[in-house]
Amino acid sequence: MKDEQPIRILLADDHVLFREGLASIVNAQPDMTVVGEADDGLEALVKAKQLRPDLVLIDISMPGGNGLEATQQIKEALPDTVIVVLTVHNDEERLFEAIRSGAQGYLLKDVRSETLLDLVRGAMRGEAAITPVIAGHMLDEFRRLSRAAPQQAGDPVETLTFREQEVLTQVATGAADKEIAEALGVSLYTVKSHMRSILSKLHVNTRYEAARYARRKGLL
C-alpha cells in the first residue's frame with residue numbers, strides 16, 4: 001500500500017442491500033475504506049474517474065452499461081486502478097471476457113468475506129484474485145484450447161466464440177453494428193469489441209473481409 005494508506009475502494013453493484021453489506025465489511029478493515037458506490041456501469045466509470053480509487057469491486061450484470069464494458073473503459077482511463085469482478089455468473093465465457101477487459105480477478109458472490117478480503121489485498125500486490133474453483137475453470141479451458149489447437153490452426157473460424165460467430169453471421173448479411181446490437185440484445189460497445197476480436201482471430205483488416213470469409217465458410 002502506498003505510504004501505508006488504506007486501500008481506497010469503489011463498489012459497483014445494482015443491488016443496494018448487497019452493496020451496503022459489502023461496504024460494512026470493507027470499512028471494518030483497518031487497511032481498507034470505501035470511497036464511493038455506484039449502481040450501474042456508467043456511474044462506475046464516472047465515479048472512478050472522479051475518485052481515482054485504488055481498486056474497484058464490480059458486478060457484471062448491471063443496467064446502464066454492464067460491468068465488463070465498464071471494466072474495459074475504467075482500465076483505459078485509469079490503467080493503475082485494479083479491478084476485481086464480483087458476480088454470480090460462474091461461466092468460462094464471462095470469466096475470460098473479464099480478464100481480457102482488464103480485470104485482475106474474478107470472484108463469485110458466494111465467496112467467504114475473509115477470502116474476499118485476502119484476495120483484494122493480494123490483487124493490490126499484483127496477484128490474481130481468483131478462488132481455486134475459478135482457477136480450475138481456467139485450467140480446464142486452457143487444456144481444451146490446447147487439445148483443439150491442431151484443428152483450429154487450419155480453420156480460424158473455429159477459434160471464434162459462439163457470440164463472435166453470431167456477430168460474424170450478422171456482418172455477413174450486411175448488418176451495421178447498431179442493427180447487430182439490437183438483434184442480439186447487446187450494447188453497441190459490445191458489438192465493436194467482438195468485431196475487434198473477430199478481425200484479429202481471422203487475420204483480416206476490415207469487416208468486409210470478415211464478411212467475405214463468413215460467406216465462404218457458409219455461415220449465412
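Let me check against my output: what whole-number percent is the relative contact order of the chain, with C-alpha pairs under 8 Å and at least 6 apart? Don't skip to the answer; put the middle values down first.
Values: 305 pairs, mean separation 27.5, N = 220.
Relative contact order comes out at 13 percent.
For the stretch 2-136, what is the convex hull volume of the alpha-carbon atoms per residue, in Å³? Numbers along the way, then the final one.
Details: hull volume 12.7 nm³, N = 135.
It is 94 Å³ per residue.
Using the count of nearby Cβ atoms within 10 Å as a rough guide to exposure, how do Lys49, Lys201, Lys178 rank from fewest to most?
Lys178, Lys49, Lys201
List the pairs from Lys75/Lys217; Lys109/Lys217; Lys178/Lys201; Lys109/Lys201; Lys47/Lys109; Lys75/Lys201 whose alpha-carbon separation is above 30 Å, in the order I gave them. Walk me through the numbers before you get to the answer.
Numbers: Lys75/Lys217 36 Å; Lys109/Lys217 41 Å; Lys178/Lys201 22 Å; Lys109/Lys201 33 Å; Lys47/Lys109 23 Å; Lys75/Lys201 23 Å.
Cα-Cα > 30 Å for Lys75/Lys217; Lys109/Lys217; Lys109/Lys201; rest within.
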Determine, at each q value in 0.14, 0.16, 0.17 (inverse angstroms), the log₁₀ of I(q)/I(0) that the Debye formula gives when each Cα of the stretch 154-216 is one equal point scatterer. -0.32, -0.42, -0.48
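Which percent, nearest 5, of DSSP beta bridges in the chain are antiparallel?
Values: 0 of 20 bridges.
Among the beta bridges of the chain, antiparallel pairing accounts for roughly 0 percent.
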Placing +1 at every Lys and Arg Cβ and -1 at every Asp and Glu Cβ, with all other atoms neutral, what dipole size does the stretch 2-136 have around its Cα centre, in debye to the nearest 20? 300
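The numbers here are math on the coordinates, done by the rules we state, and not lab data. Here the structure is a predicted model, which is why all the values come from computation and not from measurement. Note: ideal-geometry Cβ built from the backbone for every residue, glycine included; neighbour counts use all protein chains shown.
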